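Some notes on the structure that comes next.
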Amino acid sequence: MKVMIVDDDRLLAHSLATILGAEADIDVVGVGASGQEAVAGFREGRPDILLLDIQMPGGDGLGAAEQVLALDPEAKVVFLTTFADDEYIVRALRMGARGYLIKQDVAQIAPALRSVMTGVSVLEGQVLERTARLGISAGTPSARAVRPPVFAPLTEREYEVVEAVCEGLDNSEVADRLHLSEGTVRNHISTVLAKLGLRNRTQIAVLYYRAAQAPREPESRR
């Protein structure tokens, strides 16, 4: 797997690069120290996993992750940080991060990245306890499976935008709920329309509610 490491503590970043690079299945393709470098490095190297600190000068990790996920909604972003803050955890998981690890046990990073590559979201123990208390969860394949089949072509983030739109939220309100920029929301809506062959938001809502009612139709005819 190709991994890029971004942390404003350059000594830590290069130390992690050395440790992870010694693993036979890990190729460290870049090291950065700011959110801007994270986005630029992702564009250039297209790493399989972006291992990202949260608080950094020159654009924080959450903002960088948002930009990366706008470029590629399937990008695998894993946060490695000293901050087990509820707000950070909620934002990270809701925007589609695949992991949230605390900088304590470096030996567990490589196994966690391997899990991410298999499609598993990884949460350090302290973070897992907080997510349970907050009633949130990371986006896993099992969570995606409950959506109506007609929305199967959409990514988890795109489907979250659909749900918000169908609640009557405008782009600004969707952006606030999902911690995205309005431009990113507009891009997601355009992608949803293209994938589903629809023309406007109204058609999205009609399709959504028809799909929700479809399983109940046979019962109503009995």
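The values are calculated or read from the model by the stated rules, or taken from the named source; none is laboratory data. Since the structure is predicted, the reported quantities are computational estimates derived from the model, not experimental observations. Neighbour counts run over all protein chains shown; Cβ positions are idealised from the backbone, glycine included.
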request  = Would you check if ASP48 is modelled with pLDDT of 95 or more, assigned by TED's automatic domain parsing to the domain that holds VAL120 and more than 18 Å from MET95 (Cβ to Cβ)?
outcome  = yes
query = When the residues of the range 75-96 are filtered to those that are of a type in the set (Gly, Ala, Ser) and over 15 Å from VAL3 (Cα atoms), which remaining residue is modelled with the highest pLDDT?
reply = GLY96
ask   = Looking only at the range 34-48, which residues are of a type in the set (A, V, I, L, M) and crowded, with 23+ Cβ neighbours inside 10 Å?
value = ALA38
message = Looking at the range 14-33, can you tell me whether even one residue there is assigned to a helix (DSSP H, G or I), touching a residue at least 40 places away in the same chain (Cβ under 8 Å) and crowded, with 19+ Cβ neighbours inside 10 Å?
response = yes
message = Step by step: first the residues of the range 146-175, then only those that are at pLDDT below 85 and within 19 Å of the chain's Cα centre (by Cα), then the one that is surrounded by the fewest Cβ atoms within 10 Å (Cβ to Cβ). Which residue is that?
response = VAL146
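Given GLY59, GLY63, which one is outside any strand (DSSP E or B), in contact (Cβ under 8 Å) with a residue 12 or more places away in the chain, closer than 23 Å to GLU160 by Cα and not assigned by TED's automatic domain parsing to the domain that holds VAL185? Give the steps one after another, and end with the answer.
Numbers: GLY59 fails: closer than 23 Å to GLU160 by Cα.
It is GLY63.
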note = Within the range 188-201, residues being in contact (Cβ under 8 Å) with a residue 24 or more places away in the chain and either under 16 Å from the mean Cα position of the chain (by Cα) or exposed (fewer than 14 other Cβ atoms within 10 Å of the Cβ) (or both) number 1
task = Keeping to the range 88-121, report how many residues are in contact (Cβ under 8 Å) with a residue 60 or more places away in the chain, under 14 Å from GLU74 (Cα atoms) and among the aliphatic types (A, V, I, L, M).
result = 3
ask   = How many of the residues making up the range 29-54 are in contact with a strand residue (DSSP E or B) (Cβ under 7 Å, 6 or more places away or on another chain) and not aliphatic (A, V, I, L, M)?
value = 9
